[in-house]
Amino acid sequence: MAKILVADDDPDILATIEVRLRANQMQVITAHDCNQAIKMAYAEQPDLILMDIRMPAVGGISAFDSLKMYTRTEKIPVIFITAYPGKEVEEKVAQMGAAGFIAKPFDSDQLIAKIQQVLARQ
Amino acid sequence: MTNVVPKHELESIIEKSTDGIIVVDHNSIIRFINPAAACLFKNSPAEMVEKPFEYPLSPGHSTEMEIIRKNGKTGTGEIRSVDIEWEGQRALLVSIRDITERILFDRLKDDFIGNVSHELRTPLTSIREAVSVIQDGILGPVSEEQKKFLSMCIRNTDHLRRIVDSLLDLTKIEAGKAKLNKKRMDLLETVKSIVEVFHPVIRKKGLALDVSIPGDGMAVYADRDRITQVLNNLIGNAIKFTEKGTIGVSVEEINGWAECRVNDTGEGISEEDLPKVFDKFMQFGKKTNPENKGTGLGLAISKEIIQMHNGSMSVESVFNRGSTFKFRLPRYRPDLEVEDPIRMAMEAKQPFALFGIRLHAVDAIGGQTGGQPLQKIAQKIRRMFENLGKTVIPIVLEPDSVFILVEKSHEQDPRSISRLRHMTKEAFIGLGIDEEVDFSYGRALFPLDAEAADVLLDSCRRDMRNEREERFNKRIMIVDDEPALIEATKTLLELFGYKTIEALSNGAALFERMKTVQPDLLILDMKMPGMTGYEVIGRLKESFKTQDIPILIMSGYEIETGRFIEYVNTKAILTLNKPAEPDILRKTVYYLI
């Protein structure tokens, strides 16, 4: 069973994504800020990370950079979610080497399809 | 009854006015200025009157300038001017208004809509996901009736998201922040591929499709994604509001425009609603099923998009008979690639200069630069302007021209054009081009020379002069006390093609001659009886009028570095050993003039 780490500062979004992923036979761990997300990624070695870009204190982009610094976490694919979509953001995260990009609000079928596609690539 | 205001009352009105009022004569000298205007320059009327007014003016149009506000901070002023008569002479009446607040307010409004749009996305995500988790039965069985209501909830969050997206899009477009990625594109191909996408939907609804597109391509200069957005909107609307009959899509050329029409046999728009059809949040027609409910912004966005392309959009409709939406886009012309950035720079209402360079033998240079000579020259010149602290947009116009927009520039200075000439030559040298390049160069200024993009471009082209012809007609003065050496240099220069060469035997003779006419290049011997070469350079550099004259030093002696260095504050001094190698002399003179 694939283990997915979801990082978002909005507890409602965490809760809904968690239920959705579980229903699709995925194991879910959640983090409500980036520091927690980095620690959990390091300790739990998830197969994929879903990460909000805008989060208080450390943002998703810097968390991504931190993840790339450790050998234990550098290979974990990251899909960014954001309420600030736009071509520039999409291009930027693609350039950084992120596995994907999803704009809020998203369609859950698209979310699942995207996750499965990235997992299949691994 | 005529409304006669006594003179002193009128004076008091002008004196107390919060708008700045200035009278500038035909020599750009301030003849009158009221306290409000002087205040915007942080000065007093007494200090400013009879001084030059340094902002370019264009009667009948408004431009913007930086001002000092009452609180001491900088802001934006709007300048307007009209022709008047002042003491029997033609003059301009200039008014300046502080519009800082207005600009700030507009920006706040745009930021507000932008932020609200983003802030709405997060709760929308939670709502949509929470409902869809229930609807999908993940948390337990759901009855068919419950599902119906849950899907209603999802449909409406989707609708809300579309409004948020469109609102954000429209705000960006209106604020001029949406950048178009314009390229030469075939409108017919785009229309065909969109029609293909809609074809199944049209068939499914039992409608006929009538496509009328000419066989050949029709090139326009446009952003394909944006034009697709417009076509999706128009064809989508046509299908939505038509229950039976035909959807028609046609493209044709009309007087240099590419015109695209989308017509339907649907419910139409009433005469009363027709003028409001492109307004925001205007929705007409019967309430269609909620699944494809519009945002009320589609047509407003479409019209803005077409206008951003300098096109136009209109509608004709007969109630209960059908509607025809049509838009026009200018046909592609190579010049549009230059006119477009010019137009955008004009919208910023700041003065700028347009420089143009045309190469007469691009292919020959292409070989030496390893391809793309125009692009490489444009980049070199851009860097040179940027090193001078200027904001520039270089535009390459195939097959042979480079245009450079130098923004916020007061390039009225006649020297700016010779700077361009030197930069161009420097760019050639920087690219390793060893030979003299045959090129023309020119300049046009906004708003002084023209206020329309095509006219400005035309004006720049008309200003273009051939560098070689111009150079051969430049006046070269040789100052040397040895007639034989003068003769040798003169013969060489004439052989190269230079036509106006004067010989002078000493410094005193040079300055006597310069009372009448100035040289474009000075070839100077250092060791002369009487006034030495050093003294000549010293005197030339002292005066504003003569400091830019390029000097070529010919010397049989070692240059005295210490004495020389103090004069070399400009690139316009080069030294050659005497007698000079003909090829080196030719290149040096080419570079200096």
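Here are the numbers:
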quantity	calculated
Top-ranked residue of segment B:134-161 - restricted to ones that are among the polar types (S, T, N, Q) and part of a helix (DSSP H, G or I), ranked as farthest from the other protein chains (Cβ to nearest Cβ)	B:Gln146
All positions within segment B:369-393 that are assigned to a loop (DSSP other than H, G, I, E, B) and touching a strand residue (DSSP E or B) at 6+ places or on another chain (Cβ under 7 Å)	B:Lys390
B:Ser117 over 40 Å from the mean Cα position of the chain (by Cα) and either among the polar types (S, T, N, Q) or more than 14 Å from every other protein chain (Cβ to nearest Cβ) (or both)	no
Yes/no for B:Tyr441 being surrounded by 18 or more Cβ atoms within 10 Å (Cβ to Cβ), part of a loop (DSSP other than H, G, I, E, B), aromatic (Phe, Trp, Tyr) and touching a residue at least 24 places away in the same chain (Cβ under 8 Å)	no
Checking B:Glu272 against (1) surrounded by fewer than 14 Cβ atoms within 10 Å (Cβ to Cβ); (2) at pLDDT 85 or above; (3) under 30 Å from B:Lys390 (Cβ atoms); (4) acidic (Asp, Glu), the condition it does not meet	(3)
Test: residue in segment B:232-247 that is assigned to a strand (DSSP E or B), free of Cβ contacts under 8 Å to residues at least 40 places away in the same chain and not basic (Lys, Arg)	yes
Helices (runs of 4 or more DSSP H) contained entirely in segment A:1-102, each with at least 2 residues that are within 14 Å of another protein chain (Cβ to nearest Cβ)	A:11-23, A:87-96
Positions within segment A:83-113 being crowded, with 19+ Cβ neighbours inside 10 Å and among the basic types (Lys, Arg), in sequence order	A:Lys104
Inter-residue pairs, beta-carbon under 8 Å, first at pLDDT 90 or above and in segment A:102-118, second of a type in the set (D, E, K, R), 6+ apart	A:Ile102/A:Lys114; A:Leu111/A:Arg20; A:Ile112/A:Arg20
Number of positions in segment B:1-20 that are within 24 Å of B:Lys73 (Cβ to Cβ) and either of a type in the set (Gly, Ala, Ser) or assigned to a helix (DSSP H, G or I) (or both)	3
Answer residue from segment B:506-520, given it is aliphatic (A, V, I, L, M) and either out of contact with any strand residue (DSSP E or B) (no Cβ under 9 Å at 6 or more places or on another chain) or surrounded by fewer than 13 Cβ atoms within 10 Å (Cβ to Cβ) (or both) and is farthest from B:Ile553 (Cα to Cα) among those	B:Val517
Segment B:76-114 - residue that is touching a Leu at 6+ places or on another chain (Cβ under 7 Å) and among the small types (Gly, Ala, Ser) and, of those, nearest to the other protein chains (Cβ to nearest Cβ)	B:Gly114
Any chance A:Glu91 is within 28 Å of B:Ser166 (Cα to Cα) and out of contact with any Asp or Glu (no Cβ under 7 Å at 6 or more places or on another chain)	yes
Subset of segment B:25-52 [among the hydrophobic types (A, V, I, L, M, F, W, C), touching a residue at least 24 places away in the same chain (Cβ under 8 Å) and over 20 Å from B:Ile99 (Cβ atoms)]	B:Ile29, B:Phe32
Top-ranked residue of segment B:394-438 - restricted to ones that are closer than 18 Å to B:Lys474 by Cβ and assigned to a loop (DSSP other than H, G, I, E, B), ranked as modelled with the lowest pLDDT	B:Pro414
Test: residue in segment B:54-65 that is more than 14 Å from every other protein chain (Cβ to nearest Cβ), over 30 Å from B:Ile173 (Cβ atoms) and in a helix (DSSP H, G or I)	no
Residue within segment A:73-81 that is surrounded by fewer than 13 Cβ atoms within 10 Å (Cβ to Cβ), charged (D, E, K, R) and free of Cβ contacts under 8 Å to residues at least 40 places away in the same chain present	yes
Residue that is farthest from A:Asp52 (Cα to Cα), among those in segment A:8-37 that are among the acidic types (Asp, Glu) and in contact (Cβ under 8 Å) with a residue 12 or more places away in the chain	A:Glu18
Residue check, B:Ile523 in a helix (DSSP H, G or I) and surrounded by 15 or more Cβ atoms within 10 Å (Cβ to Cβ)	no
Qualifying positions in segment A:103-122 - within 14 Å of chain B (Cβ to nearest Cβ) and of a type in the set (S, T, N, Q)	A:Ser108, A:Gln110
Hits in segment B:310-341 - residues which are in contact with a strand residue (DSSP E or B) (Cβ under 7 Å, 6 or more places away or on another chain), of a type outside the set (D, E, K, R) and not in a strand (DSSP E or B)	B:Asn310, B:Gly311, B:Tyr332, B:Pro334, B:Leu336, B:Val338, B:Pro341
Selection count where residues are part of a loop (DSSP other than H, G, I, E, B) and modelled with pLDDT under 85, scope segment B:21-48	7
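The values are calculated or read from the model by the stated rules, or taken from the named source; none is laboratory data. All of these numbers come straight from a predicted model, not from anything done at the bench. FYI the Cβ positions are ideal-geometry reconstructions off the backbone, even for glycines, and counts take in every protein chain you see.
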